[in-house]
Structures are given as C-alpha cells and as structure tokens.
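*Asks:* Before I ask anything, here is the structure I am working with.
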Ligand SMILES: *Cc1c(COP(=O)(O)O)cnc(C)c1O
C-alpha cells in the first residue's frame, strides 16, 4: 500500500538519458523492458518518455495485457515483445496490439504462427523456455525469425548461439547484467533496471524528533547520538531496515512498525526535515545491499511507497 506521507518523484529525463547512454554504449537496438508497470515507475509514462529515443526500437512486457492496458502501440508507435508465456492464443489481439508473443513449444508456435512469434530458448534458467533440442521444431512450426534467452552469464549467450547455429535468426540475450559484455550484445539488448537507475527519488518527512531517553521502541534500541526521529512509512509500505539521508548526512532506519519507523538523527535535525529513502547519493545498489534484495526489488518498492509524481 502507499503512504500519504511519502513522496515519490520519477525523473523521466533521467530514464531517457539512461536509455540514450545504453544505446550509445551497446551500438545495437534497445528493447526497453517496461514489464511490471516499468518496475513501478509507471509503464505508460515511461514508454511515452522513451518513444522518441532513437536507439529504442521497441518495448518488452511480460504479458500482452500490460501493453493493452496502457495502449502501448497507440502511445508510442513502437512494437513490443511479451517475454512471458503467452496469456492468450487469440492471434487478433497480438496483432492489434503490435506485440509479438514469446513461444517455447510446438503447440504455442503453431497456434500463434500468425502473430510473428519469437522463440524463447532455455540456456540455463530452466523455466518457460524451449530446450536446445527442440529449437528446430518450434522454429519451423511458428515460421520464427527471432530468438532470445534470459541470460545472466556469457555462457548462456554462447548456448543461445549454439542452439540456433546455422539458422537465419535475429538473436538477443542481454539484460542489464550483461550490457558491458560485447559478446552478449548480439542483435539487440533488453535492459530494464539500467533504464531506471537514479530515476526514483523517495522521501518522507520527520513526523517526530526526540532527544532519546534510554531504550526506544518495540525492541528497545538505543540512539548513539542521543537523538532519534520517526517517519510515517512502515513495513506495510515495503520499508525495510537500511540507510537513509537526512540533511546531507547518512542515517539509518533502526526499527520498523506497520506504518511508521524510527530513524537515527543528529542534533539539529528538525521536525519536517526530509528523510531521503532513495536518491541523492543513496543508490538502489546500496539499499539493496542493506535489504539483502536485488536493486530491481528496491526500485519497485520505492517507486510504490507513495503516490508518484513526475518531472522531466
Ligand atoms: C526482466 C527481464 C529483462 C530485463 O532485466 P533487467 O535486469 O532489469 O535489465 C530482460 N529480459 C527478460 C527475459 C526479462 O525477464
């Protein structure tokens, strides 16, 4: 759930700039991954912002319905691929939305041959993808000219090339984790996270500031500085223990309740001062380290913690 006390600002110019930088670096078309509501940033707003970027050839969603929900084709004039297993075999819907389904079985390929399906090859992920041995049969069934794999290591990229060797087929494999590997770039890349880094700023305000007196809160934590504060965001909003910024200083969330949390402070911090949960020198990677989570998860939670506003 969102907190009315949390501000979320999405910087669309940063998303555009990230896409331009990726496109310039990799030198092949970028298929911008906007699945899961663009990792919480808002798929419609993000897609509209990216539509005019030359290097962005199209978009990746997980399910056809995500593209339909925002009118992706009408909004951007660029095609999309649905990376997940097909949610429908209704060819007309795929064509109307200009979304190509990813198929991994002969049955799917036959049923969706009219929708220019893309082949999803299993190179190690071991989920909704075609075994190397079945590649030929699925390609022939669907008249397929494009194949991809969800690669996290260069060896996955090599397996994709081996599985499709000798066939005329466009290939892509790289998500954010492999953008720096020239061998992984193939004919296109599909970054998600790389587009969103630095684009989400999430903050709350100090709703209470105290000179600490002994054991504090549920667990009885103690403040080293002798001061502590409270923000009105808690675990119902996805908040977890980790670093924050208050008046340019690194502080910590020390204990979390359902809809509030304690934060360490210094003398001089005041009620109403801003507590930055993500952004301004606090990266997704740093928060992810503290959360023992992926940066993808941090972006998603932080973008969803309050009502989104947009700049750029
Ligand atoms: C989510 C996803 C991506 C993008 O991943 P990032 O790590 O966010 O860049 C690319 N390809 C597939 C198949 C995915 O599921």
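No lab work stands behind these numbers, since they all come straight from the coordinates. If you're wondering where the values come from, they're calculated on a predicted model, not measured in any experiment. A quick note on method: Cβ atoms are made from the backbone with ideal geometry, for glycine too, and the neighbour counts reach across all protein chains shown.
*Asks:* Considering only DSSP beta bridges where both residues belong to the chain, give the percentage that are antiparallel (nearest 5).
*Replies:* Numbers: 28 of 54 bridges.
Looking only at bridges with both residues in the chain, the antiparallel portion is about 50 percent.
*Asks:* Calculate, in nm to one decimal, what residue 75 and residue 170 gain on full extension: separation in residues at 0.36 nm each, minus their alpha carbon distance.
*Replies:* Values: separation 95, 0.36 × 95 = 34.20 nm, distance 2.60 nm.
Fully extending the segment from residue 75 to residue 170 adds 31.6 nm.
*Asks:* Counting other beta carbons within 10 Å of each Cβ, put 68, 307 in order, fewest first. Write out the running numbers ahead of the final one.
*Replies:* On the way: 68 15, 307 11.
Ordered by Cβ neighbours within 10 Å, fewest first: 307, 68.
*Asks:* Given the rule -39500 (n - 2.57) for each run of at least 4 DSSP H residues, summed and divided by the residues of the chain, what is its mean residue ellipticity at 222 nm, to the nearest 500 deg cm²/dmol? Can you show the working numbers first?
*Replies:* Values: 12 runs with 92 residues, N = 312.
Computed mean residue ellipticity for the chain: -7500 deg cm²/dmol.
*Asks:* Separation between the residue 205 and residue 292 pseudo-spin-labels, each 7 Å from Cα along Cα→Cβ, expressed in nm?
*Replies:* Result for the modelled spin labels: 3.6 nm.
*Asks:* Stretch residue 145-residue 127 to full length: gain in nm at 0.36 nm per residue minus the Cα-Cα span?
*Replies:* Numbers: separation 18, 0.36 × 18 = 6.48 nm, distance 2.16 nm.
The span from residue 145 to residue 127 would gain 4.3 nm if fully extended.
*Asks:* If we count other beta carbons within 10 Å of each Cβ, what is the order of 123, 9, fewest first? Present the calculation step by step, with values, prior to reporting the outcome.
*Replies:* Details: 123 24, 9 17.
Sorted ascending by nearby Cβ count, the order is 9, 123.
*Asks:* What's log10 of I(q)/I(0) for the range 7-153 at q = 0.10, 0.11, 0.12, 0.21 Å⁻¹, Debye sum over Cα points only, no solvent?
*Replies:* One equal scatterer on each Cα of the range 7-153 leads to -0.35, -0.43, -0.51, -1.27.
*Asks:* Another question, if that's okay. Would you kindly compute the Cα radius of gyration of the range 202-312 and its largest Cα-Cα separation (Dmax), both in Å?
*Replies:* Gyration radius and largest Cα-Cα distance of the range 202-312: 13.4, 46 Å.
*Asks:* Sticking with this one: Quick check on the exposure proxy: order 221, 291 from fewest to most C-beta atoms within 10 angstrom. Spell out each step's value before the answer.
*Replies:* Working: 221 14, 291 17.
So the residues, fewest neighbours to most, are 221, 291.
*Asks:* Given a Förster distance of 30 Å, report the FRET efficiency between residue 221 and residue 153 from their Cβ-Cβ distance, rounded to the nearest 0.05.
*Replies:* Details: r = 41 Å, r/R0 = 1.36.
FRET efficiency, residue 221 to residue 153: 0.15.
*Asks:* Need one word for the range 117-197: rounded, prolate or oblate. Basis is the Cα gyration tensor (sqrt eigenvalues a ≥ b ≥ c); a/c below 1.5 gives rounded, then a/b vs b/c decides.
*Replies:* Values: a/c = 1.84, a/b = 1.80, b/c = 1.02.
Prolate is the answer for the range 117-197, as a/c is 1.5 or above and a/b outweighs b/c.
*Asks:* Once you have a ≥ b ≥ c as the square roots of the Cα gyration tensor eigenvalues for the range 160-267, tell me rounded if a/c is under 1.5, and otherwise prolate or oblate according to whether a/b is larger than b/c.
*Replies:* Working: a/c = 4.10, a/b = 3.56, b/c = 1.15.
Prolate.
*Asks:* Angle, helix 154-163 long axis vs. longest principal axis of the chain, Cα atoms, 0 to 90°, nearest 10?
*Replies:* For helix 154-163, the angle is close to 20 degrees.
*Asks:* Between the range 224-297 and the range 73-90, what is the C-alpha centre distance in whole Å?
*Replies:* 38 Å
*Asks:* Note the full-extension length gain between residue 271 and residue 113 as 0.36 nm times their separation in residues minus their Cα-Cα distance, in nm to one decimal.
*Replies:* Details: separation 158, 0.36 × 158 = 56.88 nm, distance 6.15 nm.
Separation in residues times 0.36 nm, less the Cα-Cα distance, equals 50.7 nm.
*Asks:* Across the chain, how large is the tail of the calculated P(r) beyond 26 Å, expressed as a percent of all Cα pairs?
*Replies:* Details: 25072 of 48516 pairs.
Across the chain, Cα pairs with separations above 26 Å total 52 percent.
*Asks:* Can you bin the range 10-68 into rounded, prolate or oblate? Criterion: square roots of the alpha carbon gyration tensor eigenvalues sorted a ≥ b ≥ c, rounded for a/c under 1.5, prolate for a/b above b/c, oblate for the rest. Show your work: numbers first, answer last.
*Replies:* Details: a/c = 2.17, a/b = 1.41, b/c = 1.54.
Oblate is the answer for the range 10-68, as a/c is 1.5 or above yet b/c matches or exceeds a/b.
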